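Visitor: The structure that follows is given in the form of structure tokens.
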2 protein chains.
Amino acid sequence: MGSLDPIFYPTSIAIAGASPGKSGQWFLDSIRTSGFKGPIYAINSKGGEVSGLLAYTNVKDIPGPVDYTICCIPAPHVPQLVRDCAAKGVKTISIYTSGFSETGTQEGRDLEREIVRIAQASRIRIVGPNCLGVYSPKVGLSFASDFSRRVGKVALIGQSGGNTSYLIRAASQRGVRFSKAVSYGNACDINESHLLEYLAHDPETEIVAAYIEGIKDGERFHRVLSRLSAVKPVLVLKGGYTRAGGEIAASHTGSLAGSAEVWDSLIQQSGAISVGNLEEMVDLLVTFALLPLPRGRKVGVFGGGGGASVLATDELTMAGFTLPRLPPELIKELMELFGNTAGMIFKNPIDLSMVGYSQSFYDVVKRLLSYSSGDSFDLGLIHAGFGQAAWFSSSAFEIEINQFRDFVTRIHRETDKPLALVLQFLITNWDWQKALDLQRGCSEAGMPVFHSMASAAKAIDRFLRYHEARQRAGKTG
Amino acid sequence: MGSLDPIFYPTSIAIAGASPGKSGQWFLDSIRTSGFKGPIYAINSKGGEVSGLLAYTNVKDIPGPVDYTICCIPAPHVPQLVRDCAAKGVKTISIYTSGFSETGTQEGRDLEREIVRIAQASRIRIVGPNCLGVYSPKVGLSFASDFSRRVGKVALIGQSGGNTSYLIRAASQRGVRFSKAVSYGNACDINESHLLEYLAHDPETEIVAAYIEGIKDGERFHRVLSRLSAVKPVLVLKGGYTRAGGEIAASHTGSLAGSAEVWDSLIQQSGAISVGNLEEMVDLLVTFALLPLPRGRKVGVFGGGGGASVLATDELTMAGFTLPRLPPELIKELMELFGNTAGMIFKNPIDLSMVGYSQSFYDVVKRLLSYSSGDSFDLGLIHAGFGQAAWFSSSAFEIEINQFRDFVTRIHRETDKPLALVLQFLITNWDWQKALDLQRGCSEAGMPVFHSMASAAKAIDRFLRYHEARQRAGKTG
């Protein structure tokens, strides 16, 4: 079994079944938009033109070498394509086509077995079938034209194209960048264990996320997951966790789901991190990828409003954080600087709703993040709700959020304390696009952004618990 | 103690402290924008003009009658205003001003006691102090110019102006309309028990939501909450649930928070519904206000993608729902109608990702919602993720979501089955505004919309558990 490098770093790509308006064109356009540097070839048994490329009628007719083929032709024709690819010297075939073992029919299973047999005989590796394939921003390989071209440190493997796409988009939108991602479908050849084993040794990957519906070899998976978890955090979401969900998974990717109890104990023993749903996965990716590790659980909370401060305290306390009070001499200093502004409670949370996102906001947060004593903060959390009553107009809102973004990103740049943001903004009727711009501005500056205090508290707690458990076990990092 | 009608249905309003650019102007403008029909007067000790109104220097100088005053003047001047209002015959003063018992100072407590004394002597009722006051869309009274002018069946009382505003905005955006809402701050006169007692008898209110930081009289509160819960669902979020949160609540609204254990048993005994945070409150309001009561827990799930179907099944199963399989004769009928389209799994969830939001989508969902047998669905759940790989352009996205909205609102209009929507759309980088438009379109058509399968499953489960418990207890509705 060779390295999986060829599936992530192809140098030339052919798309079989590249017809205008069909999935083949979508793959073709995605790769072109993503900046793939090598040659891209269209294959269509009927010839013709797609996205300005003349299609070859067979992969073997392509003049130059081809090391990667994306297959979008109907299932019955796939075995012949694999044979032709073998003759051409293709190393990897990513099969989008469905209609294999996931159908639950003998015919589908036989067809899948046949392509595996041909591929193994000719040392071709198969991704899929019934999958979207590989996203590898380093070489410009992608299965969607809107995925980021920037390379990051998170690797994602997912047995569902839709869920894998969701995770890439939702995490990217909040500043997470990927080293690589694979939607691997039925996993007839390359499966979750191969991928996780590869990622354990991948120098470009620091964090691994997985959406898994079924495992091919439980013992091997356990071994691989344990080894990987020993060196990198691994976040695992199980699709088909319940028996009813497992039945749906069977017809989705032909997976055998297993019982929830067995799964829980496997994850627990391996040291991986169990994730409950897609939204939680995104929150954890944001945290693990963007938040520096806080030394402890003392949090300073800055931001908006008395009621928000009360609820933030509840959420954070229940998640195991403490909110130390400010020392009297520091309160005195702040009072002298800013006066006893009504609503500006110099406790913790520090309610800054009355000062707005002004220079004073910046000064107070900066001062509090930099004060050091036995009780100083291990991390800072800024929370803000937009669309408040005081904003009468769209333009006032814009000025306010621009100010907020500028001050907050400045604080983030200038502090060495871990800092996270909670932006509750799904409340105005006309400003979602500006809210997205604000989130993007903060995320691109490298700040972890959450959409609620509850999700922030939960994710940061999980992050700390992961590291606390490792420290207890004597592992570093 | 008279009725609280005057605080919700004033016929003439004066704003004390109506200076340009300050909070007084914001209240003034909010009321004008909200369509208040009676006279509105500005009061400013320095005279002058605000929003085109000439300000009176004292409430007593106003020629016509004034039954409602909003107070935005500094705390030390409030007692004199209350005296002047008494002389003028004002019935209600809503006090925005802070600097009373919430400061924790003797001076603040004394000042608050003084205004209560004056008010009681002259039979004036006080809302607040330290609050935003009343939103009563029926008469056009509001504390924010963007609140809906439409009247609904949900009443909200909240001890925090920010949290109350958040709940009004977030719930309104998802189709919930209010009969009335009060931000009641320190509750020096009118407190949570008065308000809940009033709402029990309010014919315009069918559902009650409360954000409470502290209670004034535990025994009375228990009695009132139990009586109210016997006739209407009451959703209660406790701010200051933890000890640390309670300390912050004390400096926010001067509340004595009490212990979490006492609170839990009080809510449990009274039959009210305990809510964990603001986001959950909005999900529950959407459910209670918009979802017809399903007869049971058999759910039909329609929509997007194999992986999404797997996770939907897990979430719904874990929340206590069942997803019955379609009877063979129905599968046969659908196969004949639509063919064995790949990806269109006629199990349940019914994966419609391959048919798109076309006439076939409409036909399948309609057929499945209307089939009746022992195993037919008690409710339908349509889930959709937007911003998928297949959409290359903003215009294609727009066509797709418009089609979706049209078909889905048609299905909703034509079925008598309870129907809910899960829209996972925070994933595209350029379409939040269109996503908001889509949500608004569906919400305004009266559909309950959720942002994740987990939150939908949790909220609908709570809704059913509430009604199941009432049925067991022999109560109707």
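No lab work stands behind these numbers, since they all come straight from the coordinates. All figures in this text were calculated on a predicted structure; none of them were measured in a lab. Note that we place each Cβ from the backbone using ideal geometry, even for glycine, and neighbour counts take in every protein chain shown.
Visitor: Bin width 20 Å, origin at 0, all Cα-Cα pairs of the protein assembly as shown: what percent of pairs per bin?
Guide: Answer for the protein assembly as shown: a P(r) of 13, 42, 32, 11, 1 percent.
Visitor: Do you know the relative contact order of region A:5-131, to the nearest whole percent, from alpha carbon pairs under 8 angstrom that are 6+ apart?
Guide: 23 percent
Visitor: Mind sorting A:Val50, A:Val176 by how few other Cβ atoms lie within 10 Å of their own Cβ, fewest first?
Guide: With the fewest neighbours first, A:Val50, A:Val176 line up as A:Val50, A:Val176.
Visitor: Here is a further query. Decide, for region A:299-472, between rounded, prolate and oblate: order the square roots of the alpha carbon gyration tensor eigenvalues as a ≥ b ≥ c, take rounded if a/c falls under 1.5, and otherwise choose prolate if a/b is larger than b/c, else oblate.
Guide: oblate
Visitor: OK, next. In degrees from 0 to 90, rounded to the nearest 10, what is the angle of the helix B:453-472 Cα long axis to the longest principal axis of chain B?
Guide: So the helix axis and the longest Cα principal axis differ by about 80 degrees.
Visitor: May I pose another question? Suppose you put the label 7 Å out from Cα in the Cβ direction; list, shortest first and in nm with one decimal, how far B:Lys216 is from each other copy's label.
Guide: 7.0
Visitor: Taking a threshold of 31 Å on the Cα-Cα distance, which of the pairs B:Lys37/B:Lys88; B:Lys153/B:Lys216; A:Lys238/B:Lys238; B:Lys22/B:Lys60 fall above it?
Guide: Where the Cα-Cα span goes over 31 Å, the pairs concerned are A:Lys238/B:Lys238.
Visitor: With label points built 7 Å along Cα→Cβ from the Cα atoms of B:Arg295 and A:Arg227, find their separation and express it in nm.
Guide: 5.7 nm
Visitor: Right, another one. Test of the criteria: in region B:40-107, which trypsin sites (Lys or Arg not before Pro) are in a DSSP loop and have at most 15 other Cβ atoms within 10 angstrom of their Cβ?
Guide: B:Lys46
Visitor: Taking the Cα centre of region B:299-472 as the origin and placing charges on Cβ (Lys, Arg +1; Asp, Glu -1), which of B:Ile331, B:Phe302, B:Tyr357 is farthest toward the positive end of the dipole?
Guide: In region B:299-472, that residue is B:Phe302.
Visitor: Let me know the charge dipole size of the protein assembly as shown about its Cα centre in debye, to the nearest 20, where only the beta-carbon of Lys, Arg (+1) and Asp, Glu (-1) is charged.
Guide: So the magnitude is around 100 debye.
Visitor: Search the structure for amide H atoms under 5 Å from the amide H of B:Ala42, placed 1.01 Å from N in the peptide plane, and list their residues when 5 or more places away or on another chain.
Guide: HN-HN under 5 Å from B:Ala42: B:Ile15, B:Tyr56.
Visitor: Something else about it: Against the longest alpha carbon principal axis of chain B, how many degrees, from 0 to 90 and to the nearest 10, is the axis of helix B:218-231 turned?
Guide: Between the helix axis and the principal axis of chain B, the angle is about 40 degrees.
Visitor: With axes computed from alpha carbons, what is the tilt in degrees of helix B:23-33 against the longest principal axis of chain B, rounded to the nearest 10 within 0 to 90?
Guide: The answer is roughly 50 degrees.
Visitor: For region B:210-283, what does the equivalent ellipsoid look like in terms of its semi-axes, each the square root of 5 times an eigenvalue of the Cα gyration tensor, given largest first in whole Å?
Guide: Sorted largest first and rounded, they come to 20, 15, 10 Å.
Visitor: Taking region A:93-122, which trypsin sites (Lys or Arg not before Pro) meet the DSSP loop condition and have no more than 16 other C-beta atoms within 10 Å?
Guide: none
Visitor: Something else now. What is the sum of charges around A:Phe221, taking Lys and Arg as +1, Asp and Glu as -1, for the other residues whose C-beta is under 15 Å from the C-beta of A:Phe221?
Guide: Residues near A:Phe221 contribute -1 overall.
Visitor: Please state the relative contact order of chain B as a whole percent: Cα pairs under 8 Å, 6+ residues apart?
Guide: Once divided by the residue count of chain B, the mean separation gives 11 percent.
Visitor: Please list the non-local residues whose amide H lies under 5 Å from the amide H of A:Ala420, H modeled 1.01 Å from N, same-chain partners needing a gap of 5 or more.
Guide: A:Gly380, A:Leu381, A:Ile382
Visitor: At 7 angstrom along the Cα-to-beta-carbon line, where would the label on B:Pro76 sit relative to the other copies? Give the distances in nm, shortest first.
Guide: Computed spacing set for this position: 9.3 nm.
Visitor: To check my understanding: the extent here is largest minus smallest coordinate of the Cα atoms along each principal axis. What are those three numbers for chain A, in Å, largest first?
Guide: Sorted from largest, the Cα extents of chain A read 80, 49, 37 Å.
Visitor: Within a Cβ distance under 15 Å of B:Gly305, other residues only, what is the Lys/Arg minus Asp/Glu net charge?
Guide: -4
Visitor: Where q = 0.11, 0.16, 0.17 Å⁻¹, what log10 of I(q)/I(0) comes from the Debye formula for region A:65-171, counting one point per Cα?
Guide: -0.38, -0.76, -0.84
Visitor: Work through the residues other than A:Arg465 whose Cβ is under 12 Å from its Cβ and net out their charges, Lys, Arg +1 and Asp, Glu -1.
Guide: +3
Visitor: Rounded to whole Å and ordered largest first, report the semi-axes of the equivalent ellipsoid of region A:150-290 derived from its Cα gyration tensor (root of 5λ).
Guide: Calculated on Cα positions only, the semi-axes equal 22, 17, 14 Å.
Visitor: List the trypsin sites (Lys or Arg not before Pro) in region A:267-341 that DSSP assigns to loop (not H, G, I, E or B) and whose Cβ has at most 14 other Cβ atoms within 10 Å. Which are they?
Guide: Here the sparse-neighbourhood loop sites are A:Arg295, A:Arg325.
Visitor: Quick check: residue separation of B:Ser122 and B:Glu329 times 0.36 nm, minus the Cα distance between them. What number comes out in nm?
Guide: 67.0 nm
Visitor: Tell me the relative contact order for region A:160-308 as a rounded percent, counting alpha carbon contacts under 8 Å between residues six or more apart.
Guide: 25 percent
Visitor: Also: Give, rounded to the nearest 20 debye, the magnitude of the charge dipole that chain B has about its Cα centre when Lys and Arg contribute +1 at Cβ and Asp and Glu contribute -1 at Cβ.
Guide: I would put it at about 960 debye.
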